[in-house]
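Encoded as C-alpha cells, the structure appears first; notes follow it.
The values are calculated or read from the model by the stated rules, or taken from the named source; none is laboratory data. Since we're looking at a predicted model, the values are computed, not measured. Backbone-built Cβ (ideal geometry, glycine too); neighbour counts: all protein chains shown. Ligands, DNA and RNA are stripped out before the accessible areas are found, and what is left, the full protein with its side chains, is counted by its heavy atoms. Shrake-Rupley method; radii C 1.70, N 1.55, O 1.52, S 1.80 Å.
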Amino acid sequence: LLRTMAPSSLLSMVTTLTTTITFLLHNYHAIQIVSASSFTSPIQCRSGWTSTLQTITPSQINDGYCDCPYDGSDEPNTGACSGSMDGMWAGIHPKHESTDHDAAKISGYFACPEQPSLKLPLSRVKDGICDCCDGADEKESTNFQCPDVCDMVMAEERAARAKATSNFAFGSKRRLESVAQFQKWHDEKTRDLKRLRDVDLVKTHAELEEVENDLMVAKVALAKNWVKVVKEDVLGADSPLLEVVGNDSMSVNDLSSFILSLCALSAELSSGNVVMDRCLALERASLDVGILWDDDYVDEGDTLPSFEYLDSESESALADYAGMLIKRLDGKDASRSSSRKKKNSSNNKHKKRDPPPVEYDSEDDPYGDDFQDEPNYNYDPDDEYHEWSEEEDGESEVEGEDGVTSEEEPQLTPNEVLVKSLLDSVPIDRDLFKEQSKLLLKFTLGAPEDETDDENENELKDSASSIDSSSVDPMAMQMTKSAISKRISNISRGESSAKSAASFVASLMESSTQALNDLQKLAIMTVYHSNIAAGDISELIYLTSSYLRSMEASSESSGDGSCSPSWSLMCPPRTVILPSGDKSYPPSFVLEAARNRCEQRENSIGICTTVQEVGEVQFPATVSDGYYNYYEPQSRDGGSKKEEQEDRIAPYFSSIHSLHGKTPSHIVNLEKQRDSFDRKKRSLTKSVEDLENEIGDDSDDNSKYGVDGELYFLRNICHKLESGKYEYEVCVFGKATQRDIGQSSGGTHLGSWETVDVDEHGRRTFKWGKGTKCWNGPVRSAEVAVTCGAETRVLTADEPETCRYVFTMESPIGCDERFRLKHSL
C-alpha cells in the first residue's frame, strides 16, 4: 500500500499519525497526573525557607505546587520543583555539584547515561517524553519504548568525548611522569639549597668574620704605630724640623704661603704629585697628622671643605684610618678619581677665558724623542696657554660717564676673599718667564687671524717681529719651542695645585681653634711628601718667613717684570735671632742647604733681559735652567746619589720614610684571605639566590612551576603558531612575540611571563604582560587558555580587543583529576 501511494499522500499520513500519537501520549500523562493525585498517605519533608519538617497531605502531592523544594518529593510527576535542587532557586543551595559522578543515582535529578552533561529534574523522568537520546529517562515505562537516536544526535559529541578520553589517557600519563620528574628535581635542588645555605655559607661567613677580626687588629696596630712615629719621631718636641716652622719663626700667614708654595713646586716637579688639580702632598700630610677632609667636598668657590680630627681612642676610627694609609701605600690615592670636582657653570663670571690650545703636528717632533730623556716629563699641549688670560680673575671693563673705561672688581664672598689673599701671598713668580715664552711661541706659530688689534696685542706683535732667529737651526727651534711648552704646562699644573690647596688651608685658618699648630704640622709633613730638594725648601723658607723677609725689606723685588731672581733675596744666607729665644734662625741644616743653593745659582747660566732693555731678542737655541728666572724644582731623590746623600733635610724624615715602603706582609696576607673568603661568600650567596629563584618556592610553599610542578617540563620551551600573516611564539617563563611569517628574529613584544591562573574548575590561563605599547592604545598583553591534550601545541590565536591577544593551547598539564571529573572520564 505504501509503495502505491503518492509522496504527498504519504507525507500527509505521517503528519496525521504523529499528531495522533503525541495527543495520546499527553493524554496518557494527564491521566497519570490525575491518578497520582489520589495518594492516600501523607509524607514529611523539609518545607519552605525554614528547613523545618512538615506534613504534606495526599491532596498536596502532585498538585503543581512545590512544597518540598529540598528534595521535590511532593511533586514527582509534575515540574513544579524543577531546578530547586540544581541551585536554580534563590536561597536553596544545589543538592549536588554538576560534576558528581553518582548524580544519576541520587534522587535530586536524573543524568542521561549517554549524555552526562544533560541533567533532568525528576519530574521529567517517566513523563512520557523522551528527553535522553537513548530513552533512558523513560526506560521503565510499560506503555511505549523510546527509540535510540544517540548515534545521530551525539556523533559530534561522541567524537569530542573520544578525543578527550584519548587525550586524557596519554596526557595524564605524561603529566604524572612530569610531576614525578619535577618532584625528584625539586627534592635534589632543595637538598642542594639547604647544604649551600645552612652549611657552606654559614661556614664561609664564620671564616670571613675571623679573618676580618684579625685584619682589624692588624690595622689598628698599623695605625697606632703610624701615629706614634709621626707624633713622636717627626713632630716631637725635640725634632729639629720644628725649628723650621716653630718657635714663632713663622706666622699663620707665613705657613699658609709656605704650604701653597710647596704644592705649586711639587706639582711643577712631577705630574704624579697632583691629581684632578689636587695637591697630593698636602692631602697626604693631612692624613699623617690626623686631619681628615670630607671626600664629598665640591669646590664651588664660595664654600670651604670641612674636616674632622682622627679619634685615636676609637678602634673603628683607627681601622678606617689604616685603610686610608694602606690605600696610599698601594698607590691608589694618586690614581683614584677625585670626588672633589670643580663646578663648571656657564654663568661663572670669575672663570678665566683661556685661548684655544695650539695644534701640533708631526713636524714639531720628527724623531719623537725630544724629551724622552728628561725626568718626570708629562707634557700636555692643552695646558700651553693655561692662565694666560689678559683679564685678571673676574675683572670686567665698565665705561664711565666720561667715556673712560675702568675695571670693576667682582663682589667676592668672605671665603673667596680669604682664598684670593692666600694665593696672592705665594712668593713664586713665573710671570716674566710666561711673558717671554708667550712671545717666543707666538713667533714660532704665527699670530692667529682673529686676534684683536688692541695696544697690548700690537706691542706683542712688534716684540715678536723683533726676534732674531737667523742663526738658529730649525730643528733646534722646534726643540726650544717644545721645551718652553713643557715648562709652561708644569707651571700651569703648579698654579692649579696651589689654588686647590688654598681652600683647604683657608678652612683650617677659619675653623680650627689650633690653626697655628695644625699648619706647623702640615707644613713639615708637606715638605716630606712634596719630595722637594733641600735647596728649594731653604729658598722657600727665606721667601715666606716674615723675620727673614724683613731683613730684605729694602731689597729690589723680583716681581713686576724685574729680572732680579728670587734667590738673590736669600744669597748670601743670613740668620736672625728670634724673639722667643736665643737660637738663630733658620736652623743650621737649612742654612747649609741655602748656601749650597746660592753657590749653584750664582754659577748657573740664566738669561733675563726684557724687550725694553734691548732692541732685539735672540731666539734661544736651548732653554737653560734659570731662563727668565724660571728654575725647575729639584727632586729630593731625583738627582745623583751624592746629591741625595747630601740633602740636608731628608735624614730627619727617615723614620716616617721607612713606613712608606710597602704594605706590611701580614696585612697583605690577611687582605688576600679576606678577599678570598669574601669572593667565596658572594659566590655562595649568588648560588643560593639562583637556586631559590630556580626552585621558585614562595612563602606559601607554592612553586612558580604551578600545580604539582606541572610547568616544569614546559620551561625553556617555546611554542609557535601561524595565523594569517603572522607567526606567534609563546614561551613559558619567557616572552610572547608576534612576527611576520618568515621572520627569524625580532618581532613585536607582546609581553613577558607573569603568572598562571587556575580557576575553581581547574581551567588554566597563562599570562604575559607589559609588552610593547600600541600606537595610541594600551600596552600589549597575551593570554593562553589551556585544556587537556596529549601534546603541547597552540591551537588558535585571536585579538578580541586592541592589543590583547588570546590563544588556546592543549597540553598534558591540563589532564588532571579535575578535568576527568568535569568531563566524567
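Some observations on this one:
- In the assembled protein chains, Glu671 presents an accessible area of approximately 30 Å² (probe radius 1.4 Å).
- Built amide H within the under 5 Å cut-off of Arg278, gap 5+: none
- When you count the other C-beta atoms within 10 angstrom of each residue and take the mean per peptide, 726-737, 303-314, 416-427 line up highest first as 726-737, 416-427, 303-314.
- The solvent-accessible area of Ser703, taken with every protein chain present and a 1.4 Å probe, is close to 30 Å².
- Applying both filters, DSSP loop and at most 16 other Cβ atoms within 10 Å, to the chymotrypsin sites (Phe, Trp or Tyr not before Pro) of the stretch 741-775 gives Trp775.
- Length released on extending from Lys672 to Thr52, taking residue separation times 0.36 nm less the Cα-Cα span: 214.8 nm
- Taking amide H as placed 1.01 Å from N in the peptide plane, the amide H of Tyr627 sits under 5 Å from that of Ile607, each at least 5 places away or on another chain.
- Cα gyration tensor, the stretch 748-825 - rounded (a/c under 1.5), prolate or oblate: prolate
- Heavy-atom accessible area order for Arg191, Arg46, largest first, 1.4 Å probe: Arg191, Arg46
- For the stretch 699-767, the solvent-accessible area works out to 54 Å² per residue, with a probe of 1.4 Å and every protein chain left in place.
- Pairwise Lys count, the stretch 169-227 - Cα closer than 26 Å, eight or more residues apart or different chains: 6
- For the residues Ser654, Ser497, a 1.4 Å probe over the protein chains yields an accessible-area ranking, largest first, of Ser654, Ser497.
- Look at the Cα gyration tensor of the stretch 126-186: its axes a ≥ b ≥ c give a/c of at least 1.5 with a/b over b/c, and that counts as prolate.
- Summarising the amide proton neighbourhood of Tyr805: residues at separation of 5 or more, or on other chains, whose placed amide H is nearer than 5 Å comprise Ser781, Ala782, Glu783.
- Accessible area (Å², 1.4 Å probe, nearest 10) - Tyr652: 80 Å²
- Anisotropy class of the stretch 197-285 from Cα gyration tensor, a/c 1.5 cut: oblate
- Sequence of Thr40, Thr755 when ordered by accessible area, the most exposed leading, probe 1.4 angstrom: Thr40, Thr755
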